[in-house]
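Asks: There's a structure below that I have some questions on.
The values are calculated or read from the model by the stated rules, or taken from the named source; none is laboratory data. No experiment lies behind these values; they were computed from the predicted model shown. Just so you know, the surface numbers come from the protein's heavy atoms only, side chains and all, with ligands and any DNA or RNA stripped out. Shrake-Rupley method; radii C 1.70, N 1.55, O 1.52, S 1.80 Å.
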Amino acid sequence: MDRVCAVIVTYNRKELLRECLTAVLSQTRPPDHVLVVDNASTDGTREMLKEEFPQV
C-alpha cells in the first residue's frame, strides 16, 4: 500500500486549520503523516496544535 502525507500550509488561520485537520484525520483513508507548515502565525496556532493535535 502506498503511503500518504498531507501537507497543510497556514498563517493566522487557527480556526480554519482546526477544521481542516479534523476533516483530513477523519477521512476513510487518513494520511500516514500530516505536516503543518506554519508561516510564523501569531494567533496561537502552535499552542492549539500541541493541545488538540499532538500527532501532527
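Asks: So what is the accessible area of the chain per residue, in Å², with the probe set to 1.4 Å?
Replies: Numbers: 4130 Å² over 56 residues.
Accessible area per residue, the chain: 74 Å².
Asks: Per the Kirkwood treatment, what hydrodynamic radius in Å, one decimal, follows for the chain from the mean inverse distance over all distinct Cα pairs? Write down the numbers at each step before the final one.
Replies: Values: mean 1/r = 0.0858 Å⁻¹.
Hydrodynamic radius (Kirkwood, Cα only) of the chain equals 11.7 Å.
Asks: Over the chain, what is the mean sequence separation of C-alpha contacts under 8 Å (at least six apart), divided by residue count, expressed as relative contact order in percent?
Replies: Values: 55 pairs, mean separation 25.8, N = 56.
Reported as a whole number, the value is 46 percent.
Asks: For the chain, which whole-number percentage of the solvent-accessible area (1.4 Å probe, protein heavy atoms only) is attributable to carbon and sulfur atoms? Write down the numbers at each step before the final one.
Replies: Details: 2180 of 4130 Å².
Summing carbon and sulfur atoms, their accessible area is 53 percent of the total for the chain.
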